[in-house]
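Q: Supplied in structure tokens, the structure appears directly below.
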Amino acid sequence: MAIVQISRITQRKGLAQDLPSPLASAELGWATDERRLYIGNGTLAEGAPVVGNTEVLTEFSDILSYSTEYTYQGKNFGLLPPTQTGLTASSPVSQSLQSRLDSTVIITDFGATGDGVTDVTAVINNALYQIYCQNAVNPLVRKSLYFPAGTYVISNTLNIPPYCNLYGDGPNSTVINFVVQTWTDTVSYAGGVLVNNSGSYYRSNGTVPVGIAIGNTIYWTATTLPSYIFRTADSLQQTGDNIGTNGALPPGSFEISKMQFLTTQVINGCYIEAAQDCSFESVNFLGPETTSSLTTAINDTACVRFNTTASYVCSNIEWNHCTFSGMVWGTNTDEQIEGVTFSNCSFDTLYQGVYLGNTSAPAVGPTGFRIVQNNFNNIYDAGISIVNVGMNCSAYNAFYDVGNHFLGTANPYAAVIDINGTNNVSVGDMFQRTTQYSTGLHPRIQLNNLNGITLGMNVSNITFYQNNSAGATPYNYANQLSLGTYQRMAGIQDNLTVSGSAQTLFTFDADYIAAVKIDYTIKTDSNNAVRTGTYTIVRSTSDSTGALASSDSGIENSATGVTFSVSENGSTGEISWKYTTTNSGTINYSITKLA
């Protein structure tokens, strides 16, 4: 059909329900109530495919209602054909575009901005409630909630409901920053903002205009500083004693990953209460404390705290690739918790890393707590303390500047691992602290004469001398097995050299070690003589060599020419095991002790 010139465009307006359908050909119709614009298609005779109206898109049009189908194609820059989504090529799977878009939820959908300025506490808590709490029993509504890179400012505790999955773009990209503003009447405040005025805290009741005094109770309510950046809550976002009431599902079964929780306030990081089956992956906690303020535990903050209720025991909680820094403790708990694991994490710039139990023995306390393959560094006191609780494990952790009061590894002040409870285990832990600086007061691992087990670097109060010379550099032998008060060192090989004077193999501090047994085997170079036996040393009753006792039960197939002796330094209490020999050779020996 030829193009027809219209000299005059007709138009109508009225309520959407009153607009004629169809409008006249090319006639415009404006729906005043919906603010939507339509044009008449024309007749079939004029070439219109259908008779009716066509909407002219405006800012008020529902675009998604016209894009009714979406089919995944998986095109890879045109190199591959579209992916077959159906069981056959002729039956592709389609869904509505709205359904496809709703399959991914972004925190910005709820109005949160990661601009580092706007307080979005209420926005985030509302999103958590809308997604996970309104219909908590329906797994179809439990969508993952994505936090794009940015800094999201909050000023109140976030309540983490069950079954949520929160993830960001990485702990250095997605940051939740707990902020308290310093009050001034020269700026306006949004509702729910927390401010500090000379050490007192106030929260805005709504939008606060410029010039409003902090004492105006219409705009401000006196409050306290929240204790946590986030805490677990039930499916009604109830916390504390209310958890599980009103038919709510208990906390747990959630995952948080790839984000950082930051604060400049002296508060705790998170409170895991009555929760089970939780996972934290690449989650960092960073507080305001530094080495200058962490010489005391007075602020008593922890990156992670736990609480078990009468009805719900915290259990099966995993922290992996996380960082804990800038608070007093990495984690501190004497609660009954079961099966918690910290693995591949970093504990840095803390007063203590992990503290389990209490000086007053808890009724149950933490059990099944596994601290595995973590790095500990810049820890003022002990890296791990286990006190009056049992059935916990430390394994394959690396301890650097720990227990040295921030003065370096040559200045030990505390045990690196302090196990003061029965039935706990340390296996394969590694220490920058050398045997030279591992003493009775400051060992790598302190078992406190209880029946814990260690396998690894825990030799203390013994010094081994390279080339058998007390003036030479000491060996840093460290590995031993400790079973309660019984300790067995790993075997050592050393050279025996012919000399005119007695040569020192090792020394030990009699103030901390009462007696040792040395299992040894000697093999000479010249005549292939072999001697094996046990040499026993018992310290004197005082720092005097006169009462020092020793014996040798060795037997040999031929004369080795080796003679052992012991001596005690009356001023230091140090006992030396020495030898003289007429034949060069080697000695393999291992030390055991019980006290």
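The values are calculated or read from the model by the stated rules, or taken from the named source; none is laboratory data. Values in this document were obtained by computation on a predicted structure and should not be read as measured data. Counting neighbours? That spans all protein chains shown, and the Cβs are built from the backbone with ideal geometry, glycine included. Accessible surface areas use protein heavy atoms only, side chains included; no ligands, DNA or RNA. Shrake-Rupley method; radii C 1.70, N 1.55, O 1.52, S 1.80 Å.
Q: Any chance you could run the full-extension gain for Ser91 through Leu481? It's 0.36 nm times the residue separation minus the Cα-Cα distance, nm to one decimal.
A: Difference between extended and current length: 133.8 nm.
Q: Oh, and also: Helix 121-132 against the longest principal axis of the chain: what's the angle in degrees, Cα atoms only, rounded to the nearest 10?
A: 80
Q: Give me the one-decimal nm value for the distance between modelled label points at Lys523 and Ser200, 7 Å along each residue's Cα-to-Cβ direction.
A: Here the answer is 8.3 nm between the modelled labels.
Q: Cα-based Rg (one decimal) and Dmax (whole number) for segment 229-281, in Å?
A: Computed over the Cα atoms of segment 229-281, radius of gyration and Dmax are 12.3, 37 Å.
Q: Mind pulling the per residue volume of the convex hull built on the Cα atoms of segment 185-287? Å³ is fine.
A: 134
Q: Would you mind computing, in nm to one decimal, how far apart the modelled labels at Phe60 and Ser542 are, each placed 7 Å from Cα along Cα→Cβ?
A: Going from the Phe60 label point to the Ser542 one covers 10.5 nm.
Q: Between Glu46 and Thr71, how high is the FRET efficiency from 1/(1 + (r/R0)^6) when r is the Cβ-Cβ distance and R₀ = 30 Å? Nearest 0.05. List each step's numbers first, then the result.
A: Values: r = 34 Å, r/R0 = 1.12.
Calculated transfer efficiency: 0.35.
Q: If each of Cys393 and Asn242 carries a label point 7 Å out from its Cα toward its Cβ, how far apart are those two points in nm?
A: Taking the simple label geometry, Cys393 and Asn242 are separated by 4.0 nm.
Q: I need the semi-axes of the equivalent ellipsoid of the chain: take the C-alpha gyration tensor, multiply each eigenvalue by 5, square-root it, list largest first in whole angstrom.
A: Whole-Å semi-axes of the equivalent ellipsoid: 73, 30, 20.
Q: Just the number, please: carbon plus sulfur as a percent of the accessible area of the chain, 1.4 Å probe, no ligands or DNA/RNA counted.
A: After summing per-atom areas, the C and S share lands at 50 percent.
Q: Further question on the same structure: Residues with amide H under 5 Å of Val340's amide H, sequence separation 5 or more or different chain, H placed in the peptide plane at 1.01 Å from N; which?
A: Asn316, Ile317, Phe369, Arg370
Q: Report the relative contact order of the chain, percent, no decimals, based on alpha-carbon pairs under 8 angstrom and at least 6 residues apart. Please report the intermediate quantities before stating the final value.
A: Values: 1610 pairs, mean separation 34.0, N = 595.
Relative contact order, the chain: 6 percent.
Q: Continuing with the same structure: Looking at the chain, identify the longest residue range that excludes and avoids all trypsin sites (Lys or Arg not before Pro) in DSSP loops having at most 15 other Cβ atoms within 10 Å.
A: Answer from the scan: 144-595.
Q: Mind jotting down a quarter of the surface of the convex hull over the alpha carbons of segment 296-359, in square nanometres, one decimal?
A: 4.7
Q: Just the accessible area per residue of segment 49-200, please: how many Å² with a 1.4 Å probe?
A: Value returned for segment 49-200: 55 Å² of accessible area per residue.
Q: If you average 1/r over all unlike Cα pairs in segment 496-595 and invert the result, what Kirkwood radius do you get in angstrom? List each step's numbers first, then the result.
A: On the way: mean 1/r = 0.0714 Å⁻¹.
This gives a value of 14.0 Å.
Q: Next up: What's the lysine pair count for the chain at a Cα cut-off below 30 Å, pairs eight or more apart or interchain?
A: Final tally of qualifying lysine pairs is 8.
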